[in-house]
Amino acid sequence: MTEITKETILAAIGDVQEPEIERGLVELGMVPEVQTDGHDVALTIELPTPIDPNKPRIEADLRAALATLPQLGAITLNWTSRVRASSGGKSEAQPIPGVKNTIAVASGKGGVGKSTVAVNLAVMLARSGAAVGLLDTDVYGPSIPLMMGQTENKPAMRGGKIMPLEAHGVKLMSIGFLLDPNKALIWRGPLVAQLIGQFLNDVAWGELDYLVIDLPPGTGDVQLTLVQKIPISGAVIVTTPQDVALADAVKGLRMFEEVKTPVLGIVENMSWFICPNCATRHDIFSADGGARTAAAHNVALLGQIPLESGVRAGGDSGVPIAIDAPEAPTGRAFQHIAERVAMSLAVQAARKPRKPTIMLRTIQ
Ligand SMILES: Nc1ncnc2c1ncn2[C@@H]1O[C@H](COP(=O)(O)OP(=O)(O)OP(=O)(O)O)[C@@H](O)[C@H]1O
Ligand SMILES: [Mg+2]
C-alpha cells in the first residue's frame with residue numbers, strides 16, 4: 001500500500017495554477033505548508049491578496065488534483081494571504097518604507113467620482129483584511145475628511161511624524177485635517193511639491209499592503225510631483241461615459257503612460273440611473289463610453305458604477321456605500337473593482353517584483 005507523502009502531494013498539485021498569474025501555486029511559493037499522516041492531507045495556501053476572487057477555483061483545482069492520490073483521507077485547506085510589493089513606473093524613485101503598493105486614482109476631469117472611487121476602493125480592500133491607507137492629495141479641494149466621517153479630528157504628531165487618522169479600518173491623511181475647511185487655498189508649484197513630499201515621507205503609515213492615493217483633477221503639479229517622488233504601482237482612471245469626460249480621461253491615461261506608470265484600468269462612474277419608481281434604466285451621461293475607451297486603449301474596464309443616491313449619501317454622511325451596503329449591486333460593483341485592482345497588482349508583482357526596499361518589520 002502506497003502511503004501519501006509530502007513529495008507525492010507536491011507532485012499531484014504541481015500543475016495547479018494561479019489562474020491569473022498563470023504559474024503553478026507551488027512554484028509561486030503559494031503553498032508554504034504541506035502536511036500528511038499518510039492519508040489525511042493539510043495544505044496552507046497563501047493567496048496573493050486577501051480579496052482574491054480566484055479562491056473557489058483554486059480550491060476546486062486543488063481538491064481535484066489531490067483526489068488522484070491513492071488512499072486519500074480528509075483534505076484540510078488553510079487559507080492565508082500575503083500581498084507582495086509591485087514595482088511601478090519611475091523605478092529609481094524611492095518607495096515609501098513599509099508601503100507595498102501605491103494606487104493612484106486619477107481623472108482628467110473634475111467631479112467624475114475619483115474621491116468616491118478612492119474611498120470605496122480603500123474600504124473594500126480593508127474589509128477583506130488588507131492593511132490599507134488612503135492619502136488625499138487634493139490640496140485644492142480635499143473631500144476625504146467628509147467622505148470618511150473625519151471632519152472633527154486632527155492628526156497627532158509623534159516622534160516628528162504625523163500619525164494618520166483611521167476610519168472604517170483605513171489609515172487616512174488629508175490636507176483637510178490640517179487646514180481651516182472654509183479658507184480658500186492657493187498653492188504654488190514648489191509648495192505643492194513640498195507638501196506632497198511631507199505626506200509621503202513624514203506620515204507614519206506603518207506597514208501597508210495598499211496605499212490608495214486620491215488625486216485632484218487634471219494633470220498638474222500634484223500628479224507630476226507624485227510620479228516623480230515615488231514609484232506608483234498602478235493608476236486607476238475614473239471617468240463618466242460622456243465624450244467630454246472621456247477626452248480628459250484619455251489625457252490622464254497618456255500622462256501615466258508617459259511616465260511609465262502602469263494603468264490598471266478604467267472605472268466608469270455614473271454609468272446609468274435606475275429610476276426608483278419605474279425601474280427603467282436611463283443613460284444620463286451616454287452609454288458605455290468608459291468601456292469603449294478602455295478597449296481602444298487596451299486597458300481593463302475595472303467596473304461600471306451606476307448613478308445612485310446611496311453613493312452620494314455615503315459620501316456626504318461619512319459612511320461609504322462599501323460599508324453601508326456592500327452586498328447591494330453598487331457595493332458589489334466596488335467589490336469587483338477592488339478585486340480587479342488587487343489582482344492586477346498581484347500579477348504585476350509576480351511578473352516584475354520590486355527591488356528590495358526598506359520594510360519596517362524588525363527581525364527577531
Ligand atoms: N455613482 C454615483 N452616484 C451618485 N453620486 C455620485 C456618484 N459618484 C460620485 N457621486 C457624487 O458626485 C460628487 C462628486 O464626486 P467626487 O467628489 O467623488 O468626484 P471627484 O472626481 O473626486 O471630484 P473632484 O474633481 O472635485 O475631486 C460627490 O458629491 C459624490 O458623492
Ligand atoms: Mg475628489
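FYI, it's all coordinate maths here, none of it is from the lab. Given the structure is predicted, the values throughout are model-derived calculations rather than measurements. Counting neighbours? That spans all protein chains shown, and the Cβs are built from the backbone with ideal geometry, glycine included.
List of remarks:
- Each residue, Ser286 and Asp15, gets one label point 7 Å from its Cα in the Cβ direction; the gap between the two is 4.8 nm.
- Cα convex hull volume per residue for the chain (Å³): 159 Å³
- Qualifying GluC sites (Glu not before Pro) in the stretch 81-168, where qualification requires a DSSP coil assignment and no more than 10 other C-beta atoms within 10 Å, comprise Glu92, Glu152.
- From its DSSP helices (H runs of at least four residues, each -39,500 (n - 2.57)), the chain gives a residue-normalised ellipticity at 222 nm of -10000 deg cm²/dmol.
- Placing pseudo-labels 7 Å out from each Cα toward the beta carbon at Thr151 and Leu191 gives an inter-label distance of 2.4 nm.
- With 19 Å as the limit, the listed pairs Lys100/Lys229; Lys114/Lys154; Lys114/Lys251; Lys109/Lys154 have Lys114/Lys154; Lys109/Lys154 beyond it between alpha carbons.
- Across the stretch 1-126, the fraction of Cα-Cα pairs farther apart than 24 Å, rounded to a whole number, is 46%.
- Annotation: amide H of Val203 within the under-5 Å range of Ile162, sequence separation 5 or more or interchain, hydrogens built in the peptide plane.
- An ellipsoid equivalent to the stretch 164-279, defined through the eigenvalues of its Cα gyration tensor, has semi-axes of 27, 20, 17 Å when rounded to whole angstrom and sorted largest first.
- Span from the the stretch 144-164 Cα centroid across to the the stretch 115-136 one, whole angstrom: 16 Å
- In a DSSP loop and with at most 14 other Cβ atoms within 10 Å, the trypsin sites (Lys or Arg not before Pro) in the stretch 245-331 are Lys260.
- For the stretch 1-73, the Kirkwood estimate of the hydrodynamic radius, built from every pair of different alpha carbons, is 12.5 Å.
- Arg351-Ala93 FRET efficiency (beta carbon distance; Förster radius 22 Å; 0.05 resolution): 0.65
- From least to most packed, judged by other beta carbons within 10 angstrom and beginning with the fewest, Met343, Met124 follow the order Met343, Met124.
- Close amide H pairs (under 5 Å, H built 1.01 Å from N) link Glu166 with Leu172, residues at least 5 positions away or on another chain.
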